[in-house]
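Structure record follows, encoded as structure tokens.
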Amino acid sequence: MKIVKTSCPLDCWDICAIEAAVENDCIVEVRGDAEQPITNGFLCVKGVKHLERLRSPERLTSPMKKVKGEWVAIPWDQAISEIGDKLIEIKNESNSDAIMYYAESGHNGILKNIDQAFFNTYGGVTMPQGNLCFGAGFAAQCEDFGNALSHDPEDHLNSKTIIIWGRNPVTTNLHLVPYLKKAKEQGTNIVVIDLIETETAQMATHFFQIKPESDGFLAMAMAKIMLESGNYSTDFVNHNAENFAAYKEKIDAMDLDSIVAKTGLTVDQIRQLVALYADQKPAAIILGYGPQRYRNGGNNVRLINALGALSGNIGIAGGGVTYANIFVLQWVDGDFLSNSQAAKTDSAYIKPLFPEYMSAAGKEKIKGIFVTKSNPIVQMPNTNKVIEAFTKIPFKVVLDHFMTDTAQLADYVLPCTHIYEEEDFLHSAMWNSYFIYTQRAVAPRAGVKSEFEIYTLLAKHMQMSEFLEKYPNEKTYLEGALAPLLKDINMTLDEIQGKRMKKEGNDIPWQDKKFGTPSGKFEFIVPDPGSWFFDEEIKASYPLHFITIQPPDSLHSQHFLDRVEGQLPFVYGNQQVAKDWRIQDGDEITVASPEGKIKTLFKLNEGIGENILVAYNGWWLKNQGVNRLTSSGASDLGGQAIFNNCMCKINK
Ligand code: SF4
């Protein structure tokens, strides 16, 4: 038996290090690798399920082609030649950007980016901009700080107060929880702000339950109380910040009662929250994705960032506004990774506006689409429109392990390798600063190929000599893409195999108070809520908020493969909702929004706020698909999907 070091490639904050025990080319056990200090030897249920997915009898083991509406298994050489010929034909008859590219982070890894290098060398294709996950918050942090950098998890132990705002680490960032528990034992206030009384809220010392759409108002109310009482850092705002006077003028002009009324809290509760935050320096804010999944999502996060600056909690141990963390990406040569300079077009679409793009600019232009590492039919908002738009594209190729809802609508599906069948390097661009080597644990299942091999075969068929010369093999690709890392630590690719490496130098971001903004200072937002979008008109007909959250046992839609066909998705609401709509726990109800309707099973949950229905995201079409209810649209910053701007009603 041998022990293989690998890791979890899912789109998760943590990137767990994994040990796989392998005997006769068969994995007999997987467990968390205790040598990795952050993920510390334990996995969540999603990580454990990798083994099931690896072995699943439903895994695709041959390229599939749709012929007269039926799926037919075809040999690889046929798939490569037909797809390659079509790519050549489309480029010759139209342009390379008549091909559209769609990817998410369903399976991370440096080598997985070879598709971008391929399509850029092909001439450049129509690329997505914006994001379904964290785009508005990321853009907001870049506006204010000049970059998105997080405090090291260990640094949270220096905080007197930690505010977890719109994040549920118990489900989505499990390895943050031991730090929170330890901090709590040390006497740190653990404060949760959320729409839902989550498992994280239940372990907190304080919980503030707010209304949907109100994160920005809560931040402004806190700021107003701090400014009125003079409880803020004049040193930081005078020396290290830009736009403070304009920010203060706007907040001063606001009526406290009016902004507090939007939040669902009382003035006294917000004063208590201010006391926990501004009087308990150092204090950290750990932000989740929740507050930025609105049309005003960028503004919401900028207003929360401003609290960090106002309180003087930026650049100090135990402080910060921690959101995503792209520090480790400094170890990657993005140009080599994607060969971006080879593209001869900058054609792009905003990801959460895919249906709108396809009914306007893309209608005549787009002749083909490649989808990889994702299942956009059920992950994108507004499923009905996404299906309509996707179906109209004449040539559709999907790379996946399974026949997902997106794969079902394609013309070709190419089966690719699983993390346990690959050698690669992974990192989290969202939380910690580790780079993790993943060793191949078992040989690839017969019939599947890695993305690197698939794109190399296509390039050979298409005689793309530039691509083949630049990226002749996986080792060359990794050496080029990881050149900054190898230079920094003065090692070769062979020498870093088996290693888990932390990029040092960012445990406390912005300590030198030199920010990456145009002014070189922290930049305060100048808030203008009068220009923001709210769901007021829609509420007359659809009075309930529909909020989708991460399931505890699946990363988005990935683990819904096993849900029974026809099983209805659960929606959760409290007693008040049940009473108002005359429904009971277990009732089958139809939930309708302006975009569509789905059948669901209602479950009582007193942890959910007033006039809210909550469902897990990820349900497939065989289980109704909850994104049939959500709307297309993009946030004020970062092209973020506005999942939380979804109003609905119930029909029993
Ligand atoms: S999903 Fe996240 S917490 Fe779970 S095993 Fe993977 S990296 Fe770890």
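In the chain, the calculated helix contribution to ellipticity at 222 nm averages -8500 deg cm²/dmol per residue, counting -39,500 (n - 2.57) for every DSSP H run with n ≥ 4. Each Lys or Arg adds one and each Asp or Glu takes one away; over the other residues whose Cβ falls under 9 Å from the Cβ of LEU561, this sums to 0. For the stretch 471-564, a simple Cβ point-charge model (Lys and Arg +1, Asp and Glu -1, everything else neutral) yields a dipole of about 320 debye relative to the Cα centre. For LYS502, nonlocal amide neighbours, meaning residues 5 or more places apart or on other chains whose placed amide H falls under 5 Å from its own, are PHE435. Applying 0.36 nm per residue to the separation of ASN490 and GLN272 and subtracting their alpha-carbon distance, the gain on full extension is 73.4 nm. With a threshold of 18 Å on the Cα-Cα distance, the over-threshold entries among LYS224/LYS262; LYS470/LYS503; LYS351/LYS373; LYS351/LYS470 are LYS470/LYS503; LYS351/LYS470. Taken as Cα centroids, the stretch 629-651 and the stretch 225-295 sit 26 Å apart, rounded to the nearest whole angstrom. A crude spin-label estimate for the pair GLN576 and GLU466, with each label 7 Å from Cα along the Cβ direction, gives 6.0 nm.
Applying 0.36 nm per residue to the separation of ALA540 and LEU157 and subtracting their alpha-carbon distance, the gain on full extension is 133.3 nm.
For a modelled paramagnetic label at GLN330, 7 Å from Cα along Cα-to-Cβ, the residues of the stretch 150-168 in reach, with backbone nitrogen under 20 Å, are 150-156.
For GLU35 and ASP77 in one chain, what is 0.36 nm times their gap in residues minus the Cα-Cα distance, to one decimal in nm?
Working: separation 42, 0.36 × 42 = 15.12 nm, distance 4.28 nm.
Extending this stretch completely gives an extra 10.8 nm.
The alpha-carbon of LYS363 sits under 14 angstrom from the alpha-carbons of these aspartates and glutamates, leaving out residues fewer than 8 places away in its chain: ASP97, GLU388. Measuring with a 1.4 angstrom probe and ignoring ligands and nucleic acids, SER465 comes out at about 70 Å² accessible. Taking Cα centre as origin and charging only the Cβ of basic (Lys, Arg, +1) and acidic (Asp, Glu, -1) residues, the dipole magnitude of the chain rounds to 900 debye. If a/c stays under 1.5 just call it rounded; otherwise compare a/b with b/c (prolate if a/b is bigger, oblate if not). Do that for the stretch 135-323, with a ≥ b ≥ c from the square roots of the Cα gyration tensor eigenvalues. Rounded, because the longest to shortest axis ratio a/c is under 1.5.
For the pair the stretch 569-619 / the stretch 114-152, the C-alpha centres are spaced 34 Å from each other. When +1 charges are put on Lys and Arg Cβ atoms and -1 charges on Asp and Glu Cβ atoms, the dipole computed for the stretch 404-537 relative to its Cα centre reaches about 660 debye. CYS133 sits with roughly 20 Å² accessible to a 1.4 Å probe, with DNA, RNA and ligands left out of the calculation.
Tell me the net charge near VAL72. Cut-off is 10 Å between Cβ atoms, VAL72 excluded, with +1 for each Lys or Arg and -1 for each Asp or Glu.
Residues near VAL72 contribute +2 overall.
Where a ≥ b ≥ c are the square roots of the eigenvalues of the C-alpha gyration tensor, would you call the stretch 2-55 rounded, which needs a/c under 1.5, or, failing that, prolate if a/b is larger than b/c, or oblate?
Values: a/c = 2.36, a/b = 1.34, b/c = 1.77.
Oblate shape, in that a/c is at least 1.5 and b/c is the bigger or equal ratio.
The convex hull around the C-alpha trace of the chain, projected and averaged over every direction, spans 28.0 square nanometres.
Here the relative contact order of the chain, from alpha carbon pairs under 8 Å that lie six or more residues apart, stands at 22 percent.
Look at where the Cα atoms of the stretch 308-362 and of the stretch 466-529 average out, and the two centres are 13 Å apart. Considering only GLY320, LEU399, MET222, and ranking their Cα positions along the charge dipole of the chain that arises from unit charges at the beta-carbon of Lys, Arg, Asp and Glu, the one farthest toward the positive end is LEU399. I need the shape label for the stretch 532-651. Rule: rounded when a/c is under 1.5, else prolate if a/b > b/c, else oblate, with a, b, c from the alpha carbon gyration tensor. Oblate, because a/c is 1.5 or more while a/b does not exceed b/c.
The values are calculated or read from the model by the stated rules, or taken from the named source; none is laboratory data. Predicted model, so just to flag it, every value in this text is computed and none were measured. Please note: Cβ atoms are built from the backbone with ideal geometry, for glycine as well, and neighbour counts cover all protein chains shown. Heavy atoms of the whole protein, side chains included, go into the accessibility calculation; ligands, DNA and RNA do not. Shrake-Rupley method; radii C 1.70, N 1.55, O 1.52, S 1.80 Å.
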